[in-house]
Amino acid sequence: VQLVEGGGGLVQPGESLTPTCIASGSIGTSDMGWYRQAPGKQREFVARIDSNLRADYSESVKGRFTIARNDAQNTINLNMNSLKPDDTALYYCHLAFPVSWGQGTQVTVSS
């Protein structure tokens, strides 16, 4: 399964973005999630959602980001609100089974 992200961009602090990930095949009952990697830092977990729509978030984004999935369309998105400069990173879509990663979409938060 191939994953393709889109919807990143350049925004000012406090604004919103909603990156989307489209899978080339069925995501079935697999968990799906988002990770991010800022320059000079390791890739870190952001959010995850399972087939029962239970979601987990990192502490740094809890209350600001919301992950959603649409199994009929094989997509997930990440609604990001109240963005901060520290949210600047390359955001990657992840499929747990079979393990797949997208190529990433850049999110830049800057005034």
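The values are calculated or read from the model by the stated rules, or taken from the named source; none is laboratory data. Predicted, not measured: the structure shown is a model, and the values here were computed from it. In this analysis, Cβ positions are derived from the backbone assuming ideal geometry, glycine residues included, and neighbour counts consider all displayed protein chains. Keep in mind that these areas ignore ligands, DNA and RNA; they rest on the heavy atoms of the full protein, side chains included. Shrake-Rupley method; radii C 1.70, N 1.55, O 1.52, S 1.80 Å.
Below is a table of values for the structure above.
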| item | result |
| --- | --- |
| Modelled FRET efficiency - R0 35 Å, Asn79 with Thr29, Cβ distances, 0.05 increments | 0.95 |
| For the chain, average projected area of the Cα convex hull in nm² | 6.2 |
| Length-normalised contact order for the chain - Cα pairs under 8 Å, 6+ apart - percent | 38 |
| Qualifying GluC sites (Glu not before Pro) in the stretch 8-81, DSSP loop, other Cβ atoms within 10 Å at most 15 | Glu15, Glu59 |
| Solvent-accessible area, 1.4 Å probe, carbon plus sulfur percent, for the chain | 48 |
| Probe 1.4 Å, accessible area per residue of the stretch 1-74, Å² | 56 |
